[in-house]
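Enquirer: So that we are looking at the same thing, I have put the structure below in structure tokens.
The values are calculated or read from the model by the stated rules, or taken from the named source; none is laboratory data. These numbers come from a predicted model, not from an experiment. Heads up, the Cβs are rebuilt from the backbone with ideal geometry, glycines too, and the neighbour counts pull from every protein chain shown. Quick note on the areas: whole protein, heavy atoms, side chains included, nothing else; ligands and nucleic acids left out. Shrake-Rupley method; radii C 1.70, N 1.55, O 1.52, S 1.80 Å.
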Amino acid sequence: MQLSKPVGRNAPALKYDILSALAVHALSGDKHRQRSILRIMSLITTRYNWRNNELSIGREEIARLWSVDERTVKREMAKLRGLGWIAVKRPAVRGRVAVYELDLKQIMLDTSTVWPVIGTDFAERMGHEPEVEPSNIVPFAVKSPLAQTDGDEVWSAVQAALHGRDPELWSSWFQHLTEVERAGGVATLMAPSRFMADYIAQKWSGRILAAYGRTDPSIRSIRVEAAE
């Protein structure tokens, strides 16, 4: 699936497509899914900056929008982070609310089962991959994610999910990780360098946690350490 940034001439149509997929996905589930998706849709339609992929809003304001208390907001936002739909871009500091970012591609991947319900044209449009211009550059061969997991089914599934989500990102970062421990709700991963460990922990821990959530929901946090 190719999801372009929803800006420019075709932005309104793409925004409607994303909201349509969310709405129909909600209606295909139980009341808990419907409520969760209605809540994130309210954040998108009232506070989301599509161009910058930023959602700047405090917990108190979210509680007011959702007509709930702040404990419910904390729990619901944690659930959305676990799905990989939302991540903290800049944490809240004194005098400034938190800034979140949405992973629109992950949202669309998770709603893809309802695309045919919306229409065959919708499914074809959202599943379309743009043609790649011919190039003289010969790409390096990329190992299969399943070839690097030493037989551990959970880690194999996590790596396969990360690879399926974004093969280029996987080949640049995630394929170099190894799982060294999984206990007490924490998955400890090893990166070959301190730079890589710090960068992945800061930028991509939410996506890794979401991949774990689809295989082993007992994992509630990720720790990335450096081998050196």
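Enquirer: Being touching a His at 6+ places or on another chain (Cβ under 7 Å) and under 20 Å from Arg35 (Cα atoms) narrows it down to one of Val68, Val114, so name that one. Can you show your working first?
Expert: On the way: Val68 fails: touching a His at 6+ places or on another chain (Cβ under 7 Å).
Testing whether each residue is touching a His at 6+ places or on another chain (Cβ under 7 Å) and under 20 Å from Arg35 (Cα atoms) leaves just Val114.
Enquirer: So the check is Cβ under 8 Å with 6+ separation or different chains; which pairs have a first residue in the range 39-50 that's under 19 Å from Lys74 (Cβ atoms) and a second one that's hydroxyl-bearing (Ser, Thr, Tyr)?
Expert: Arg47/Ser56
Enquirer: Moving on. Of all residues in the range 44-69, count the ones that are out of contact with any strand residue (DSSP E or B) (no Cβ under 6 Å at 6 or more places or on another chain) and in a loop (DSSP other than H, G, I, E, B).
Expert: At the first step, the residues of the range 44-69 found to be out of contact with any strand residue (DSSP E or B) (no Cβ under 6 Å at 6 or more places or on another chain) are 44-46, 49-52, 57-69.
Going one step further and asking which of them are in a loop (DSSP other than H, G, I, E, B), we end up with 50-52, 57-58, 67-69.
Residues flagged as out of contact with any strand residue (DSSP E or B) (no Cβ under 6 Å at 6 or more places or on another chain) and in a loop (DSSP other than H, G, I, E, B) within the range 44-69 amount to 8.
Enquirer: I'd like the full set of residues that are open to solvent by less than 40 Å² (accessible area, probe 1.4 Å), under 15 Å from Trp173 (Cβ atoms) and among the aliphatic types (A, V, I, L, M), limited to the range 185-208.
Expert: Within the range 185-208, Leu189, Ala191, Met196, Ala197, Ile200, Ile208 meet the criteria.
Enquirer: Return the residues of the range 75-89 that are out of contact with any strand residue (DSSP E or B) (no Cβ under 7 Å at 6 or more places or on another chain), in contact (Cβ under 8 Å) with a residue 60 or more places away in the chain and either part of a helix (DSSP H, G or I) or not small (Gly, Ala, Ser) (or both); say none if nothing qualifies.
Expert: Once the filter is applied, which keeps residues that are out of contact with any strand residue (DSSP E or B) (no Cβ under 7 Å at 6 or more places or on another chain), in contact (Cβ under 8 Å) with a residue 60 or more places away in the chain and either part of a helix (DSSP H, G or I) or not small (Gly, Ala, Ser) (or both), the range 75-89 yields Gly82, Leu83.
Enquirer: Restricting the search to the range 35-44, which residues are open to solvent by 70 Å² or more (accessible area, probe 1.4 Å) and under 28 Å from Glu124 (Cβ atoms)? Break it down into steps so the answer makes sense when it comes.
Expert: Within the range 35-44, the first condition is being open to solvent by 70 Å² or more (accessible area, probe 1.4 Å), and the residues that meet it are 35, 38.
Of everything in the range 35-44, just one residue is open to solvent by 70 Å² or more (accessible area, probe 1.4 Å) and under 28 Å from Glu124 (Cβ atoms), namely Leu38.
Enquirer: Any residue that is acidic (Asp, Glu), under 24 Å from Lys89 (Cβ atoms) and open to solvent by 30 Å² or more (accessible area, probe 1.4 Å) - is there at least one of those in the range 174-184?
Expert: no
Enquirer: Looking at the structure I just gave you, is Thr72 of a type in the set (S, T, N, Q), open to solvent by 40 Å² or more (accessible area, probe 1.4 Å) and in a helix (DSSP H, G or I)? Walk me through how you get there before you give the answer.
Expert: On the way: of a type in the set (S, T, N, Q): yes; open to solvent by 40 Å² or more (accessible area, probe 1.4 Å): no; in a helix (DSSP H, G or I): yes.
Against the criterion (of a type in the set (S, T, N, Q), open to solvent by 40 Å² or more (accessible area, probe 1.4 Å) and in a helix (DSSP H, G or I)), Thr72 does not qualify.
Enquirer: Looking only at the range 8-25, count every residue that is surrounded by fewer than 14 Cβ atoms within 10 Å (Cβ to Cβ), at pLDDT 90 or above and more than 18 Å from the chain's Cα centre (by Cα) and tell me the total.
Expert: Pass one, the range 8-25, residues surrounded by fewer than 14 Cβ atoms within 10 Å (Cβ to Cβ): 8-10, 12-13, 16, 19.
Still in the running and at pLDDT 90 or above: 16, 19.
Of the ones still in play, those that are also more than 18 Å from the chain's Cα centre (by Cα) are 16.
Summing the residues that are surrounded by fewer than 14 Cβ atoms within 10 Å (Cβ to Cβ), at pLDDT 90 or above and more than 18 Å from the chain's Cα centre (by Cα) in the range 8-25 gives 1.
Enquirer: Looking at this structure, is Ser56 polar (S, T, N, Q) and surrounded by 13 or more Cβ atoms within 10 Å (Cβ to Cβ)? Spell out how you get there, then give the answer.
Expert: Details: polar (S, T, N, Q): yes; surrounded by 13 or more Cβ atoms within 10 Å (Cβ to Cβ): yes.
Yes, satisfied.
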